[in-house]
Structure formats: C-alpha cells, structure tokens
Amino acid sequence: MSTASTRSGAVEVSTGERAVTPPPRKRRNFSLWGFVAWIAGLGFFFPVLWMVLTAFKQETDAYTDPPKLLFTPTLDQFRAVFDSGLGTALLNSLGATLLSTALVLLLGVPAAFALSLRPVKGTRDALFFFMSTKMLPVVAAIVPLYVLISDIGLLDNIWVLVIIYTAMNLPIAVWMMRSFFLEVPKELLEAAELDGAGTWTSVRQVILPIVSPGIAATALICVIFAWNEFFFAVNLTAVRAQTVPVFLVGFITGEGLYWARLSAAATLAALPVVLAGWFAQNKLVRGLSFGAIK
C-alpha cells in the first residue's frame, strides 16, 4: 500500500516503511550554475557587443571618457570603411578562404579515409609527418618562402595564399576527419562490398552521408583559420591580394586609432564567419560531438 503527502512544497511517496523525497538542493545548485554560466557568457560577449555599438558612433562619441552610452546611431563609419577599400579585401579573403578550404577537403577526405578505414603501410609515419608540419614555427619559414615566391614572381598574388592556407590547414583536417572516419562501423563497408559496391561508391553513398557533420565541422574550422590568418598575408601581400586582417592594420596610424571606423571594419570582418557558424551550427554541434556517445 502506498500513500502520498505534501509537506513544505515537497511530495513524499511512501511504500511500506520507505519514503522517497526529491532532493530540492540539487535543483538550486543547477539554477546557481546556470546563472553563473549566463554571467560568464555575457562577460565574454560584452567586448563584441561594445565593438558593434562603437561601430555606429561618431569618432567624437567613441573617444569620450567615461564612455557614452546614449548616442545617435550613424552609418558613416561603414560608408567610410567601404570607401577606403574594404570590399576588395573582403573579396580577397573570401576567395583565399573558400578555395583553400575546398582544396583541403578534396585532399584531406581521401587521405583520412586511407588512414582510417583503409589503412596503408606506414600509417603511423604518415600521421607523424602530417603533425610534424605544424611543429615548425611560421617565423622560421617566412624567409625561404618569401625568397621562393619572389623568384617565381607571385608576390602579392591571391594564389600564394590559397596554397599556403591549404598546406596550413591540411594536417589539422586530416587528423580531425580521420577521427570521424574511425567512428564509422566497418560492417557498413563490408555490407556494401557484398552488395557489389566499389570503393568510390561505398565512400560516396555510405560513408560520406554518415560523416558529413564531421566534415562540415572540419570545413568551418579551416574557414576560421584561413579567414583570420595574418602573418603570411602581411608579409606576402601588399595591395592587390590584401586580406581583411591586413586591411584592419591600416587603421593604426601615427595620428592614433580611429576607434569607431576600426570597430565598423572589425564588425564587417567578423560577420561572414559568424554567419557561416550560425547556418552550420546544427552540423557543427553534431560534428564536434561525433562519436562522443556510443
């Protein structure tokens, strides 16, 4: 026989001599941690919010001390940024980022497949070679790269950045996609082979649909790394192939910083990556958690 009673907002269910009472303290702890998480999130987001707000100010309003919270929004800074050549820099960054990411996926997916589901002789050596390319400091490589690129006449050329960004992101992409491929049951490949499917058909119709969230997450990370890259761009480009990070440095002058105009340019520079992450958030979350739960 079971009885139920309410006492101080808690419900007790007794069966015989034992009673079960839901512990209210855990709920309070969860609420406390949720509040702390929201405060931390707002703290991390506040600099971004302040940058966006400053982008809509006049330079005189951006320099006030204490900061001016009430102001008349204006688009003058965005117009000035586009008039100073941001459009060309955006197109250069977009071209270098998309082309290098496409090449990374084109080369990295077969490599990751060969190193996971179709392991070859010397797989460990190949993986070590991929990661060893990330151990070399970029500062040590810039002088020979500059001399080589200068000799072949490709300085200030967007294709140089495409090649460098592909080489820069390929090791990371292979390691990430290999971990995604390892989570695919090998029985699926065996079943496809029994049905008469070749290797290309198995990869295209069986494997890729399963690991597509992981590939999307890898592609987004490559896009972020290529879009934000500054060191090679500032040393190997000048005007024609200038990217967005190099363009932003132009606002640092001997006369001081143009805070409002710099904030407007930084807002426009961050917008493409934010939008890419927003549209790919479902696949990104699935890709980063791929294989975490079995």
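Here, each number is a calculation from the coordinates, and none is a lab measurement. Quick caveat: nothing in here was measured; it's all calculated off a predicted structure. All Cβ positions, even for glycine, are placed from backbone atoms using ideal geometry, and neighbour counts span all protein chains on display.
Note: relative contact order over region 107-265, using C-alpha pairs below 8 Å and six or more positions apart, is 28 percent. Restricting the trypsin sites (Lys or Arg not before Pro) of region 148-253 to loop positions (DSSP other than H, G, I, E, B) with no more than 16 neighbouring Cβ atoms within 10 Å leaves ARG240.
Restricting attention to region 90-160, which trypsin sites (Lys or Arg not before Pro) occupy a DSSP loop and are surrounded by at most 15 other Cβ atoms within 10 Å?
Filter output for region 90-160: LYS121, LYS134.
Reported to the nearest whole Å, the Cα centre-to-centre distance from region 181-212 to region 213-230 is 25.
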